[in-house]
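What follows is a short report on a single structure.
The values are calculated or read from the model by the stated rules, or taken from the named source; none is laboratory data. The structure displayed is predicted, hence computed values, not measured ones. Cβ coordinates were reconstructed from backbone atoms using ideal geometry, including for glycine residues, and neighbour counts include every protein chain displayed. To get the accessible areas, we keep the full protein, side chains included, count just its heavy atoms, and leave off ligands, DNA and RNA. Shrake-Rupley method; radii C 1.70, N 1.55, O 1.52, S 1.80 Å.
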Amino acid sequence: MKQRKLLMSFFSLSATVLLAACSTQTSTEEASVEVESVSMESMAEESSVSSSEGMGDMVHDDSGVIPEGLMEAENPTYKVGDSVIMQAGHMEGMEGAEATIIGAFDTVAYEVSYDPTNGDPRVENHQWVIQEEIMDAGTDPLGVGSEVMLEAEHTEGMSGATATIDVAETTTVYMVDYIDTVTGETIKNHKWVTESELSPIEEP
């Protein structure tokens, strides 16, 4: 009987240790999952902040220089001096901003992806580069997927960069001055905004 009681005590103790071990393992796994979840959230937040900061830090050409060969639009929807609202979100502070038309031109506008010549990270789906800002583009529209060399100087590292055409659109493009909705700063001679990215200011 004494030996039987000892065996039962041993089994009871073993079960307790086993349960404690399982509990510890479960707690460790749950803690690991929680840490991984927090880590993923932190990475997503850092990525979002980095992307936003990258857009805000872009230095834009405000010279107002028009590419050689670019023709003024004969009958644009919005004329020089018109006030409009921008629907484009090319960069922070643009969407919803009030803008003034500085120039209107008929051309082919391209959305492009390229590797900046100054070593900055690859730029995806930049809007917009026009026919007259592409080296040896000629007059016929270029096809999606075409590899081209940019002559535009909208941002640092763009001129001379090799790019791939993502979208091509025959349209009227506008150069505008606008008031940044975030900083309140007036941005001069922004190139380019397409007609579909503008809307008239509604009369009160």
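When the residues His90, His190 are ordered by accessible surface, computed with a 1.4 Å probe over the protein chains alone, the sequence from largest down reads His90, His190. In this structure, the amide hydrogen of Ser146, modeled 1.01 Å from its nitrogen in the peptide plane, lies closer than 5 angstrom to those of Ile165, counting only residues at least 5 positions away or on a different chain. Apolar share of the accessible surface for the stretch 157-204: 50 percent from carbon plus sulfur atoms, 1.4 Å probe. Taking amide H positions as modeled 1.01 Å from N, with prolines and chain starts lacking one, the residues under 5 Å from Glu156 and 5 or more places away or on another chain are Val59. Accessible surface calculations at 1.4 Å, restricted to protein heavy atoms, place the stretch 135-183 at 50 Å² per residue.
Overall, the anisotropy analysis places the stretch 99-193 in the oblate class: the square-rooted eigenvalues a ≥ b ≥ c of its C-alpha gyration tensor yield a/c not less than 1.5, with a/b not exceeding b/c. Within the assembled protein chains, the solvent-accessible surface assigned to Asp180 is about 20 Å², based on a 1.4 Å probe. Each residue of the stretch 135-145 was assigned a 3J(HN,Hα) from its phi angle through the Karplus curve 6.51 cos²θ - 1.76 cosθ + 1.60 (θ = phi - 60°); the sequence is 5, 6, 6, x, 10, 7, x, 8, x, 4, x Hz, with glycine and proline shown as x.
Here's how it looks for Asp82: its modeled amide H is under 5 Å from those of Ile101, which are all 5 or more places away or on a different chain.
In the stretch 103-192, which GluC sites (Glu not before Pro) are in a loop and have at most 11 other Cβ atoms within 10 Å, using DSSP for the loop call? Filter output for the stretch 103-192: Glu185.
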